[in-house]
Amino acid sequence: MQRLALAVLLTGALTTTDAAANAQAGDAPSQSTHAPVLAIHGGAGIARGDLDEAGLAEARAALEAALRAGHAKLEAGAPAMDAVKAAVTVLEDAPSFNAGRGAVFTHDGRNELDAAVMDGASGQAGAVAGVSRVRNPILLADAVMTSSPHVMLVGEGAESFARVQGIDLVDPSYFRTERRWQQLQRALDAERRDTPQASVLSGDARPYFGTVGAVALDTDGRLAAGTSTGGMTNKRYGRVGDAPIIGAGTWADAQCAVSGTGWGEYYIRAAAAHEICARVRLRGDDIRVAADAVIDTEIPAAGGDGGAIALDANGRVAFPFNTPGMFRGWIGADGVPHVAVFDDDEIPLPDGR
């Protein structure tokens with residue numbers, strides 16, 4: 001009995017020692033094996049001739065600035081969500097894109113903005129819709145996720161919450177740009193003449209186009225996604241598209257993160273962002289195969305179009321779109337931004353680890 005008791009004590013001591021060693025090894029921050037990656041989009045639907053060279057250069061510069069802002073967060077060891085917010089905030093502040101400062105106008109001459117975020121590690125999400133005074137809706141969506149028990153807030157209630165959270169509110173005139181105002185006038189004129197709006201609008205002002213978004217993978221292997229939009233030119237009746245709908249235009253889990261851009265009604269019906277990640281998680285599909293299947297096959301088969309950015313836990317990026325162009329870009333651990341606009345623009349893609 002004494003020998004048995006001694007053996008039990010020795011075994012317990014060895015087990016405790018091994019567990020402590022394993023815990024110390026697992027706690028060491030230097031053991032991270034994930035190379036950080038950030039991918040962004042500035043909306044699908046752009047075609048050659050929609051913008052002059054100066055406009056294209058301005059948009060490309062904003063994409064690069066967004067990538068650098070997000071990369072700075074990742075390089076400092078911040079979580080993926082911080083990189084997503086940093087990148088999308090830059091895009092919201094750039095009038096080149098249909099989000100934040102560059103949001104399109106509604107039928108009533110207002111700007112109604114939507115945004116969403118989702119953290120893949122925790123499964124938490126936040127969204128806002130129909131806000132007209134929030135400078136950066138992506139930050140308010142994050143506050144909904146982190147500082148409220150809710151997932152989505154809308155309109156005046158969302159703006160009241162923004163005030164409580166100390167998030168910047170601006171006069172609605174902040175969002176008024178002459179370019180967007182003239183786009184609305186053309187849309188209204190087409191409506192009066194019973195002419196399709198798409199025939200008088202271009203780029204991200206076309207119906208159902210225009211969104212910005214980001215997906216990120218941090219050094220701890222966490223994924224996150226965020227999307228922000230001004231919606232569609234000449235929209236009515238408080239219309240909300242896919243961008244703030246978790247699973248439709250925005251989704252992140254432990255294996256995949258997606259931000260969409262396109263005809264929102266079709267993305268909502270297809271639960272497009274979630275569908276891409278479900279194919280990765282449940283079927284083991286490669287991220288590019290999954291993204292292409294949804295964006296290039298399922299959405300068009302139903303009658304819609306658009307694009308998306310998708311990122312998996314290994315750092316592989318997908319940029320599917322079925323329009324002439326999509327503002328897009330990515331940046332990896334080396335800090336070199338890669339951006340593209342049209343479908344024939346060459347852009348190297350990270351293949352992950």
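Each value in this text was obtained by applying a stated rule to the coordinates, not by laboratory testing. Owing to the predicted nature of the structure, the values given are computational and were not obtained by experimental measurement. Neighbour counts run over all protein chains shown; Cβ positions are idealised from the backbone, glycine included.
General observations
- Legend: ranking of residues ASP108, ASP253 from fewest to most surrounding C-beta atoms inside 10 Å; resulting order ASP108, ASP253.
- Centre separation in Å (Cα based) which lies between the range 252-322 and the range 27-101: 19
- Shape annotation for the chain: C-alpha extents along the principal axes are 99, 46, 35 Å, from largest to smallest.
- Backbone geometry of the range 146-151 corresponds, through the Karplus equation with coefficients 6.51, -1.76 and 1.60 at θ = phi - 60°, to 3J(HN,Hα) couplings of 8, 10, 9, x, 9, 10 Hz, x marking Gly and Pro.
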